[in-house]
Amino acid sequence: MFDVAIIGGGIVGLSAAMAVGQRYPDAKILVLEKESDWAAHQTGNNSGVIHSGIYYKPGSFKAKFCREGCRSMVAFCQEHNIAHEVCGKVIVATEPQELPLLENLYQRGLANGIEIARISGEEVKEIEPHVSCLAGIRVYSTGIVDYRQVCQKYAQLICDRGGELHLNTRVEKILETPQGEVLETNQGTFTANFVINCAGLHSDRVARLGRVNPQAKIVPFRGEYYELKPEKRYLVKHLIYPVPNPNFPFLGVHFTRMIDGSVHAGPNAVLSFKREGYKKTDFDLRDFLETMTYPGLWKLAAKHADEGIKEIVRSFSKAAFVRSLQQLIPEVQSDDLIPTHAGVRAQALMDDGKLVDDFLIVEGRNALHVCNAPSPAATSSLEIGKAIAERVPAPRHLKIAVG
């Protein structure tokens with residue numbers, strides 16, 4: 001019998017388990033992950049950026065948790081000797097019509113309490129000599145890290161504090177009984193007083209297993225990346241982003257220097273026909289039918305048809321992808337880029353076609369369901385974990401940790 005069971009071993013699930021253990025030091029905590037290792041999906045296939053929080057609506061969970069998470073993630077890495085770097089980034093306007101959008105973004109950054117500065121095109125070149133732009137914003141607090149390493153440390157700390165972690169364990173049913181919430185899995189049955197659903201790409205399905213309707217469906221978007229050949233890495237010194245389209249929910253293709261020294265370019269954002277579909281050819285009939293028969297998807301597609309078509313073209317045409325990158329660094333050529341990993345973003349979408357644009361935590365009778373936690377969830381993970389732990393009711397036999 002466990003006090004709290006967490007479903008999902010990505011960075012949010014592990015941070016929640018760690019935070020619950022810190023809040024209730026004597027609690028019996030269980031983490032169940034269906035894959036053979038931690039951080040197998042969104043966490044382990046992202047760009048490894050410690051985000052500043054500049055993009056998000058002031059007052060939102062994303063803005064608050066990301067700003068505070070940027071600091072706490074860096075502090076965590078320092079404490080546990082995890083390789084990271086606060087290298088900063090530039091966001092640049094390459095066309096005149098982008099200048100007002102850049103100014104709006106600058107004002108949003110100020111409202112979110114981010115350390116930023118307006119810089120001219122010439123000043124951008126002092127930071128990134130190969131970028132061509134009209135003006136930019138310098139974001140000082142942005143960093144880079146390997147989130148798989150962060151998750152390994154989270155898991156170790158949970159174990160050190162007495163938590164029980166099970167890999168290769170898929171939750172198939174959730175039953176409410178007088179004894180507690182019974183989790184039936186492919187590795188046996190577990191019972192807990194309280195359940196936290198951090199199942200990422202399957203979080204809406206797990207919520208429904210737990211008798212909760214999250215009023216949204218996870219729609220998977222694949223983000224594809226190229227990598228600069230080693231001899232061309234000199235083109236990028238830090239992180240280089242375009243001004244995002246405020247009417248489109250993704251940031252546009254950009255350059256990211258990774259903690260291992262490689263430089264990745266991307267991602268685009270295309271609909272995936274499998275929730276864990278990292279290749280163009282990946283297909284799952286259930287996932288496909290659920291997505292394609294969902295009215296919210298077609299309403300979203302109608303609203304963003306032009307941008308959606310551009311993303312699809314970039315997916316199948318390397319030349320189109322390169323042209324997007326050349327808007328930032330004109331020197332980049334097709335031969336400089338080689339395909340690398342892809343990630344899948346678990347984006348919650350509502351019936352009316354609106355994207356859930358903030359972190360979404362839905363309460364059940366004896367459960368919490370994290371039903372929307374795409375980027376910047378990795379950056380924000382320590383703060384999300386704390387917020388989840390504060391909403392877990394104290395078991396009668398346990399005391400809350402002081403301090």
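The values are calculated or read from the model by the stated rules, or taken from the named source; none is laboratory data. Just so it is clear, the structure is predicted and the values come from calculations on it, not from any experiment. All Cβ positions, glycine included, derive from the backbone under ideal geometry; neighbour counts span all protein chains shown. Each accessible area value is taken on the protein alone, full model and side chains, heavy atoms only, with ligands, DNA and RNA left out. Shrake-Rupley method; radii C 1.70, N 1.55, O 1.52, S 1.80 Å.
Quick rundown of the values:
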{"read-out": "Any hit, region 292-311, residues being farther than 27 Å from A93 by Cβ and acidic (D, E)", "value": "no"}
{"read-out": "Cβ pairs under 6 Å, 6+ apart, first in region 86-110 and more than 26 Å from V263 (Cα to Cα) and aromatic (F, W, Y), second modelled with pLDDT of 95 or more and in a loop (DSSP other than H, G, I, E, B)", "value": "none"}
{"read-out": "Those residues of region 150-166 which are open to solvent by less than 90 Å² (accessible area, probe 1.4 Å) and either farther than 25 Å from H84 by Cβ or not aliphatic (A, V, I, L, M) (or both), in sequence order", "value": "C151, Q152, K153, Y154, Q156, C159, G162, G163, E164, H166"}
{"read-out": "Extreme residue, farthest from the chain's Cα centre (by Cα), among residues of region 138-149 that are farther than 16 Å from N46 by Cα and open to solvent by 10 Å² or more (accessible area, probe 1.4 Å)", "value": "R138"}
{"read-out": "Residues satisfying the stated conditions in region 167-185, i.e. in contact (Cβ under 8 Å) with a residue 60 or more places away in the chain and surrounded by fewer than 16 Cβ atoms within 10 Å (Cβ to Cβ)", "value": "N168, R170, E176, Q179"}
{"read-out": "Selected residue (only one of A83, A40, A75 is open to solvent by less than 70 Å² (accessible area, probe 1.4 Å), of a type in the set (G, A, S) and more than 27 Å from D358 (Cβ to Cβ))", "value": "A83"}
{"read-out": "Residue in region 120-137 that is farthest from V236 (Cα to Cα), counting only those that are without any contact (Cβ under 8 Å) to a residue 60 or more places away in the chain and buried (at least 19 other Cβ atoms within 10 Å of the Cβ)", "value": "A135"}
{"read-out": "From K274, K318, residue being of a type outside the set (A, V, I, L, M, F, W, C), in contact (Cβ under 8 Å) with a residue 12 or more places away in the chain and farther than 29 Å from K232 by Cβ", "value": "K274"}
{"read-out": "Criterion (over 30 Å from A83 (Cβ atoms) and out of contact with any Asp or Glu (no Cβ under 6 Å at 6 or more places or on another chain)) met by exactly one of G308, G200", "value": "G308"}
{"read-out": "Members of region 324-350 found to be surrounded by 15 or more Cβ atoms within 10 Å (Cβ to Cβ) and free of Cβ contacts under 8 Å to residues at least 40 places away in the same chain, listed by number", "value": "Q326"}
{"read-out": "Residues of region 351-360 satisfying the condition of being touching a Lys or Arg at 6+ places or on another chain (Cβ under 9 Å) and open to solvent by 40 Å² or more (accessible area, probe 1.4 Å)", "value": "D351, D352, K354, D357"}
{"read-out": "Matching residues in region 264-296 - criterion: being farther than 11 Å from P220 by Cβ and assigned to a helix (DSSP H, G or I)", "value": "L285, R286, L289, M292, P295, G296"}
{"read-out": "Residue pairs meeting the criteria (Cβ under 8 Å; at least 6 apart or on separate chains; first assigned to a loop (DSSP other than H, G, I, E, B), in region 11-34; second open to solvent by less than 10 Å² (accessible area, probe 1.4 Å) and among the hydroxyl-bearing types (S, T, Y))", "value": "E33/T169; K34/T169"}
